Amino acid sequence: MAQAQQTRESSALSSCEAYFEKVNSRKKLPQPLQETLTTAFARIPVSSFPQVPAGKVIEIQADTTVADAVKVLSECNILSAPVINPDAATSMNWRERYLGIIDYSAIVLWVLETAEVAAVALSASTATAVGLGAGAVGALGALAVGVTGPAAVAGLTVAAVGAAVAGGVAADQASGGDAPAAADNLGKEFYKVILQEEPFKSTTVKSIVKSYRWAPFIPVATDSSMLSVLLLLSKYRLRNVPVIEPGNPELQNYITQSAVVGGLEGCKGRDWFDCIAARPISDMGLPFMSSNEVISIQNDDLVLEAFKRMRDNHVGGLPVVEGPSKKIVGNVSIRDIRHLLLKPELFSNFRQLTVEDFISTVVSTGQEIGRVTTPITCKVDSTLGSVIQSLATKRVHRIYIVDENEVTGVITLRDVISCFIFEPPNFFDNYFGFSVKEMLNK
């Protein structure tokens, strides 16, 4: 067991090392310039970075329900928030005060698993009609669909779901259909299960954070260097970095990848930035993946498949393509899961909802028209400055490189930040230490 854990930890950090090695081997910036930039960022204190809007970090209590957490994220137009332990809200120790970070990635994992468990419950109700116990069928069915996380207690959980839907789900009990077939009959009842019925109605942020940890809570101090933050947001794959001040229980700031790229855009007009921004993206080695590594989704695929693909590949968004030529026609991101949860009346047949229909429905509500319908693209000869401007002004997390409307690459916020720095020798051990390495491997 210990050996398997060490292997996973080694794999996690090895992936970060491999990514950053590729980045630095492909960049064509003069070495003296790279060193100057890295040294400059190492001298800038984190306290100098602009504050979050309104000057206060939005936090979510651990005992908040998932549905209410989604509302907070959506209304505040944020992708994630630190989770406070209500039993240690006044603690001066951040390890006790904060349980982690809740984001759309974790919520997607929960929704997908909930859908699978609810589907099994339908099969359980069908099997119960022919003399099998819901608990027994639930345990077998959960294994069949690969359920993990909280539903690992499969028999108990699925039996509970079965009890919740027994009186309200219109399933063809005479057909003896399997879980996928039963799932197609879910419709509105799925939302009734996860938003109105137990045990899912009472699912709290705390259980999501503990079971579906996507991003660890790794803070930096106000007197740390911005180089530490940039490395965490690029090489080490974090999407946000909380900022703490020793002796103060409240977070001082919450630095995201988007905020950093927005800060870079604000450097326009400074010699060092203009020098780099004028270079074509190819000089920076972008994109960092080949065209056959681009993960996309066809517009006639199911929208749940899109979210599963994001989950399985640990990516935050996919280009929506059409036909064999893979012409890009749209974009779907992990934050779009909120539409399924906040507007259930619009997606009653979500198990059969295609990506195209999902986008059309979202657009019909007047929300997210620019972000959902129009994919942000660039050409292979575009400058780094134009890419940064598009990411910052359009407030998106990725830009697609196209050749005659076919996607040939993707540039993410992480990629852009990586272009400006490298990691000095022994920096990780000297400034992050063992505890951070341990958290990054969780």
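The values are calculated or read from the model by the stated rules, or taken from the named source; none is laboratory data. Just so it is clear, the structure is predicted and the values come from calculations on it, not from any experiment. Virtual Cβ from ideal backbone geometry, glycine too; neighbours counted across all protein chains shown. With ligands, DNA and RNA removed, areas are computed over all heavy atoms of the protein, side chains included. Shrake-Rupley method; radii C 1.70, N 1.55, O 1.52, S 1.80 Å.
Extending 7 Å from the Cα toward the beta-carbon at both Val380 and Glu305 defines two label points whose distance is 2.9 nm. Working from label points 7 Å from Cα in the Cα-to-Cβ sense, the Ser74 to Lys28 distance is 4.6 nm. Carbon-plus-sulfur accessible fraction, the range 254-363 (probe radius 1.4 Å, protein heavy atoms only): 48%. Taking every protein chain into account, the accessible area of the range 57-115 amounts to 37 square angstrom per residue (probe 1.4 Å). For the range 267-364, trypsin sites (Lys or Arg not before Pro) are listed when DSSP marks them as loop and at most 15 other Cβ atoms sit within 10 Å of their Cβ; the list is Lys268, Arg270. Counting only protein heavy atoms and a 1.4 Å probe, the range 271-419 has 41 square angstrom of accessible area per residue. Overall, the accessible surface of the range 11-111 at a probe of 1.4 angstrom is composed of carbon and sulfur to the extent of 55 percent.
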